[in-house]
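Everything on this sheet refers to the single structure shown next.
The values are calculated or read from the model by the stated rules, or taken from the named source; none is laboratory data. Treat the numbers as computed from the prediction; the structure is a model and nothing was measured. Virtual Cβ from ideal backbone geometry, glycine too; neighbours counted across all protein chains shown. Surface areas here come from the heavy atoms of the whole protein model, side chains and all, with no ligands, DNA or RNA. Shrake-Rupley method; radii C 1.70, N 1.55, O 1.52, S 1.80 Å.
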Amino acid sequence: MADPSSYRPKPGQIPDSPGVYKFRDEYRRVIYVGKAKNLRQRLANYFQDLASLHPRTRTMVTTAASVEWTVVSTEVEALQLEYSWIKEYDPRFNVKYRDDKSYPYLAVTLNEEFPRVQVMRGAKRKGVRYFGPYGHAWAIRETVDLMLRVFPVRTCSAGVFKNAARSGRPCLLGYIGKCSAPCVSRVTPQEHRDLAEDFCDFMAGRTGTYIRRLEKDMTRAAEDMEYERAARLRDDAEALRRAMEKSAVVLADATDADLIAVAEDELEAAVQIFHVRGGRVRGQRGWVTDKVEAVDTAGLVEHALQQLYGEETGDSVPKEVLVPALPDVPEAVSQWLADRRGSHVSLRIPQRGDKKDLMGTVQRNAQQALALHKTKRASDLTTRSRALEEIAEALGLGSAPLRVECFDISHLQGDDVVASMVVFEDGLARKSEYRRFQIKGFEGQDDVRSMHEVIGRRFKRYLQEKERTGEWEEIRSPGVTGPVPAPDTAPAAQPSHSRDGSPQDEPREDGPREDESREDDGRPKRFAYPPQLVVVDGGQPQVAAAKRALDELGIDDIAVCGLAKRLEEVWLPDEDDPVVLPRSSEGLYLLQRIRDEAHRFAITYQRAKRAKRVRSSPLDDIAGLGETRKQALIKHFGSVRKLRQATIDEICEVPGIGRRTAESVAVALAGAAPPAPAVNTATGEIIDEDDGGSTS
């Protein structure tokens, strides 16, 4: 690990002009390329105290052994040079978008004597006109098949074309009128090229001209009583309309634009692009990338623009590019795009109307792509096995932790403090074994104390189950005497079922409390199974609290670690320094997924608990008063306030309410302090209590 101060340039050595800089490692390999409006200010940011740098930036500057720069005249030149160097050197610490598939394009080979329409993938070739990309190759072939009625352009390969020319007989498409058969000189090279250019014009969005021309020719043929020709022209116009219908109109003003959306988390980002031409979506593509450098949404957008248009010129760069966030220097990027197009390009964030709605659709596609990418990565058996092995090696475990439990604390400013326990087995979530805890040992906000209580309660239950099965008779913690109490926990329910008995995708998370220690078939309850690894959401204090809880119970065969969210560091008990897993580590990725799932589960429970408290009624705490009779009381009196003012005899008048119950209701409401009146902030009006006894 290099010390950045060892290669830091001397003061005044770095110019304060625009430029591009490169960090190299000890082997002179370029590991990072960046650009700056002011080189001196930008490079100074890399040579601060290491503790103040972003973890990814810190890793980069400690890997590097030297830095060099090139001065340019303008920010546009800096953008161009940065793109060229990233393409040339492929630096390991730069964001690199990778296609999640090789997208097919509809291509017209205008660089040949007889242009050919075909499906193409891979790198773009000079002199070839591209349309798309398309999601599937069959979508291209369906579109081409419809358009060949009107634009009978050659689609055959070079070998087929030469054989037809040698034999003097065209292929089947030539006989059925879907190819103009230039191979046997039915049309001249110029006539065939004109057909290919008309085909390109139609695909580029200039559709109205051709349909109107066909309709005009059809009308003229009908007037001349050439009915067969008129019918053929009618069918040609209908074929073009069907080809147009395959891409719905999304922007009414026939806009040519590309819409770019980004979905990201701490580790990865997904980019989706919709290509709109003539107001219709003509293509879609997407990338996924690891965030190997400290980059925000604006930076991701700038990288995406470089990836999209770095090799494009002319009409391939649209008049308008819509993005979720503008790059740091939008003027320079706009000028760079304009130079590549040859005319003005508008780079902006859509604010309203159809374009904003369409951007929302692109954003949803990006989020779906990121979720799908993570699902594929998590479901791969080889990847999960490697992740568990990396965790075992990093934490010094004897074997891979096949069962991992993660705990997280959640509260709202010290109120409604709850905890969650999620379980991952073989790297996959076991939602049926999730558990929820209410913190009861104290009140207020203390995450460390809460973690100690939760770990203690969970493993007290484990010891109780071991005692029931006779597997824990001798070993006792010095501080534990008598029977081990069961924790007051609420489990996530088993997966709910639909009416036909099939399990639902998402198990319900509002199941009953777990009091029994055995399943119906005699198997131990879930708390009886110990994990090989306990993960807590937090750093050194939370890890120490969890380890102390286990020590107090005499449990020493379960590993404990913590994952701190800010720097994604793994903390071990009694260690002063964290374990730093590599950025690309599958083990780190799995730990983060487990931690994030525990956080999600805790937040869900905490919000539900808070919402229930807000909706609570004084009637909820009256023993023996069920939901039906409670609703009957509210319906009879109209509100809890009026019920509180009623006498016992008046309460007895409600059907189903006996005198003993009426007395319980009267005593309970008399002892409960009436809530402060609710006020409508818009009108200032005092609102009566609602049917449930809460205020709104």
query: Assuming ARG468 fulfils every condition listed in (1) open to solvent by less than 30 Å² (accessible area, probe 1.4 Å); (2) farther than 20 Å from ILE594 by Cβ apart from one, which condition is it?
result: (1)
query: What's the number of the condition LEU39 fails, among (1) more than 30 Å from TRP287 (Cα to Cα); (2) open to solvent by 20 Å² or more (accessible area, probe 1.4 Å); (3) modelled with pLDDT of 85 or more?
result: (2)
field: Within segment 421-435, considering residues that are more than 23 Å from the chain's Cα centre (by Cα) and part of a strand (DSSP E or B), the one surrounded by the fewest Cβ atoms within 10 Å (Cβ to Cβ)
entry: GLU425
Qualifying positions in segment 34-68 - under 29 Å from the mean Cα position of the chain (by Cα), outside any helix (DSSP H, G or I) and more than 18 Å from TYR89 (Cβ to Cβ): LEU53, HIS54
query: From the list VAL345, VAL321, which one is hydrophobic (A, V, I, L, M, F, W, C) and within 19 Å of ARG280 (Cβ to Cβ)?
result: VAL321
Subset of segment 616-638 (residues that are surrounded by 14 or more Cβ atoms within 10 Å (Cβ to Cβ), of a type outside the set (Gly, Ala, Ser) and at pLDDT below 75): PRO618, LEU619, ASP620
- request: Of the numbered conditions (1) modelled with pLDDT of 80 or more; (2) assigned to a helix (DSSP H, G or I); (3) out of contact with any Pro (no Cβ under 6 Å at 6 or more places or on another chain), ARG169 fails exactly one; give the number of that condition.
  value: (2)
task: Taking THR681 as the residue in question, decide whether it is at pLDDT 80 or above, over 30 Å from the mean Cα position of the chain (by Cα) and open to solvent by 70 Å² or more (accessible area, probe 1.4 Å).
output: no
Whichever residue in segment 189-232 is touching a strand residue (DSSP E or B) at 6+ places or on another chain (Cβ under 8 Å) and of a type in the set (A, V, I, L, M, F, W, C) and, among such residues, is surrounded by the fewest Cβ atoms within 10 Å (Cβ to Cβ): ALA204
query: Identify, please: which residue in segment 384-411 is hydrophobic (A, V, I, L, M, F, W, C) and more than 26 Å from the chain's Cα centre (by Cα) and is, among those, modelled with the highest pLDDT?
result: ALA392
message: Tell me yes or no: at least one residue of segment 342-355 is open to solvent by 50 Å² or more (accessible area, probe 1.4 Å), over 22 Å from ASP90 (Cβ atoms) and part of a helix (DSSP H, G or I).
response: yes
task: Please specify each residue of segment 294-319 satisfying the condition of being touching a Lys or Arg at 6+ places or on another chain (Cβ under 7 Å), open to solvent by 20 Å² or more (accessible area, probe 1.4 Å) and either within 29 Å of TYR46 (Cα to Cα) or assigned to a helix (DSSP H, G or I) (or both).
output: ALA294, GLY314
field: ALA338 at pLDDT 85 or above and in contact with a His (Cβ under 6 Å, 6 or more places away or on another chain)
entry: yes
- request: Tell me, yes or no, whether segment 585-601 has at least one residue that is open to solvent by 80 Å² or more (accessible area, probe 1.4 Å) and over 22 Å from HIS411 (Cα atoms).
  value: no
- request: Would you check if ILE31 is open to solvent by less than 90 Å² (accessible area, probe 1.4 Å) and over 33 Å from the mean Cα position of the chain (by Cα)?
  value: no
Subset of segment 69-87 [out of contact with any Ser or Thr (no Cβ under 7 Å at 6 or more places or on another chain), in a helix (DSSP H, G or I) and either crowded, with 18+ Cβ neighbours inside 10 Å or in contact (Cβ under 8 Å) with a residue 60 or more places away in the chain (or both)]: GLU75, VAL76, GLU77, ALA78, LEU79, GLN80, GLU82, TYR83, TRP85, ILE86, LYS87
- line: ASP556 passes all but one of the listed conditions (1) surrounded by fewer than 22 Cβ atoms within 10 Å (Cβ to Cβ); (2) of a type outside the set (Gly, Ala, Ser); (3) in contact with a helix residue (DSSP H, G or I) (Cβ under 8 Å, 6 or more places away or on another chain); (4) farther than 30 Å from GLU467 by Cβ; the exception is number (4)
query: Out of curiosity, is VAL580 modelled with pLDDT under 80, open to solvent by 10 Å² or more (accessible area, probe 1.4 Å) and among the β-branched types (Val, Ile, Thr)?
result: no
The lone exception for ALA269 - which of (1) open to solvent by less than 20 Å² (accessible area, probe 1.4 Å); (2) in contact with a Ser or Thr (Cβ under 8 Å, 6 or more places away or on another chain); (3) at pLDDT below 80 it fails: (3)
message: I'm trying to understand the selection: among the residues of segment 529-546, which are under 24 Å from SER432 (Cα atoms) and either modelled with pLDDT under 65 or open to solvent by 30 Å² or more (accessible area, probe 1.4 Å) (or both)?
response: TYR529, PRO530, GLN532, ASP537
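Conditions (1) within 26 Å of PRO104 (Cα to Cα); (2) crowded, with 18+ Cβ neighbours inside 10 Å, marked per residue:
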{"site": "VAL144", "(1), (2)": "yes, yes"}
{"site": "LEU148", "(1), (2)": "yes, yes"}
{"site": "SER167", "(1), (2)": "no, no"}
{"site": "CYS183", "(1), (2)": "no, yes"}
- line: Residue hits (segment 42-56; of a type outside the set (Phe, Trp, Tyr) and buried (at least 19 other Cβ atoms within 10 Å of the Cβ)) are LEU43, LEU53
- line: Residues in segment 18-27 that are touching a residue at least 24 places away in the same chain (Cβ under 8 Å), more than 16 Å from ASN94 (Cα to Cα) and either open to solvent by 10 Å² or more (accessible area, probe 1.4 Å) or in a loop (DSSP other than H, G, I, E, B) (or both) total 2
query: (1) surrounded by fewer than 14 Cβ atoms within 10 Å (Cβ to Cβ); (2) in contact (Cβ under 8 Å) with a residue 24 or more places away in the chain: which one isn't true of ASP90, the others all being true?
result: (2)
message: It is to be established whether one or more residues within segment 281-289 are at pLDDT below 80, more than 24 Å from the chain's Cα centre (by Cα) and crowded, with 16+ Cβ neighbours inside 10 Å.
response: yes
